[in-house]
1. May I ask you to list pairs of residues, at least six apart or on different chains, whose Cβ atoms are under 6 Å apart, with the first in the stretch 121-142 being within 16 Å of Leu180 (Cα to Cα) and the second being at pLDDT 90 or above and small (Gly, Ala, Ser)?
2. Aromatic (Phe, Trp, Tyr) and modelled with pLDDT under 90 - does that describe any residue in the stretch 7-22?
3. If you take the residues in the stretch 27-62 that are outside any helix (DSSP H, G or I) and in contact (Cβ under 8 Å) with a residue 24 or more places away in the chain, which one is nearest to the chain's Cα centre (by Cα)?
4. If I filter the stretch 1-55 down to residues being of a type in the set (A, V, I, L, M, F, W, C) and surrounded by fewer than 16 Cβ atoms within 10 Å (Cβ to Cβ), which single residue comes out as nearest to Ala65 (Cα to Cα)?
5. Residue by residue through the stretch 147-170, note down the ones that are more than 18 Å from Leu127 (Cβ to Cβ), hydrophobic (A, V, I, L, M, F, W, C) and either loosely packed, with under 15 Cβ neighbours inside 10 Å or touching a strand residue (DSSP E or B) at 6+ places or on another chain (Cβ under 7 Å) (or both).
6. Does Ser82 satisfy the condition of being surrounded by fewer than 19 Cβ atoms within 10 Å (Cβ to Cβ), in contact (Cβ under 8 Å) with a residue 24 or more places away in the chain and either within 18 Å of Gln122 (Cα to Cα) or within 9 Å of the chain's Cα centre (by Cα) (or both)?
7. Return a yes/no flag: does the stretch 75-84 have any residue that is assigned to a helix (DSSP H, G or I), of a type outside the set (Gly, Ala, Ser), more than 13 Å from Gln13 (Cα to Cα) and modelled with pLDDT of 90 or more.
Amino acid sequence: MARPKSYPSDLRQRLVSAAADRLAQHGPNALSLRELAQSQGTSTSAIYTIFGGKAELIEAIVREAHDSFSAAQREALGAGDSLECLQRLGMAYRRWALDHSSLYLVMFGCHPEAPPPDIAFQSFEPLLNAVSHLIEAGTLRPSDARLLARSMWAAVHGWVMLEITDGAERLPDQVFQLHLDTFMTGAASDATRAAQASLRAR
C-alpha cells in the first residue's frame, strides 16, 4: 500500500494566505486551484489532500479568519467592566483588520455564503457580553444590549472598511481613537458622562 504523500509543514498556511488574497481581490468564482497551487510550488492534488476541494478551502479560510479575529477580541476584552474595555475592543478590531485585510474582506464581503451561525456569533460575543455587563452596571445608557452592540460594531466596521478599501495611507491611531471616543460618549449613561465631566473639570 502506498504511503500518503507528505507536504511541507507550512504549506497549509501558505495556501490559506494566498487563497485569501485572491478571494479578497477577485471573489470565489475567480479562485483557480491550479493557479493557487502553482503560486505555492505545489500541485492541485495537495490542495485536495489537505482541504478536500475548493469549497472546503474557502470554508477553512472563513473559519480561520473568524477564529483569529475572535481570539484577538477576547484578548482585548479583559474584564469587560469599563468603557476602556470597549475602546480596547474597537482598537483591537481595527488593528486585526488592517493587519489581516484579506482575511477581513473574505469574512465580510467575498465569501458567497454567510459563515455558520456559531462562527459568526463567536466573533460578536465578546462585544455583546461587554455591552450587556456595562448596561447592567449603569455605565452605558439603558438600551437593548444586542442592538447597541450591533450599532457599535457597525461604527467600527464601517470605519475599517473605508480604511481598507480607500487604499490611502493608514491613518494614525489617534484619529480612530477620536471616532471611538465620540461614539462612547453617546452610548454612555448620564451618570457616566457626569463623572467624566467632573474628572475633566479638575
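The values are calculated or read from the model by the stated rules, or taken from the named source; none is laboratory data. The structure presented is a predicted model; accordingly, all values stated were derived computationally and were not measured. Neighbour counts run over all protein chains shown; Cβ positions are idealised from the backbone, glycine included.
1. Matching pairs, first to second residue: Leu127/Ala149; Val131/Ala145; Val131/Ala149.
2. Scanning the stretch 7-22, I find at least one residue that is aromatic (Phe, Trp, Tyr) and modelled with pLDDT under 90, so the answer is yes.
3. Gly27
4. It comes out as Ala55.
5. Leu162, Ala168
6. No.
7. Yes, that holds for at least one residue.
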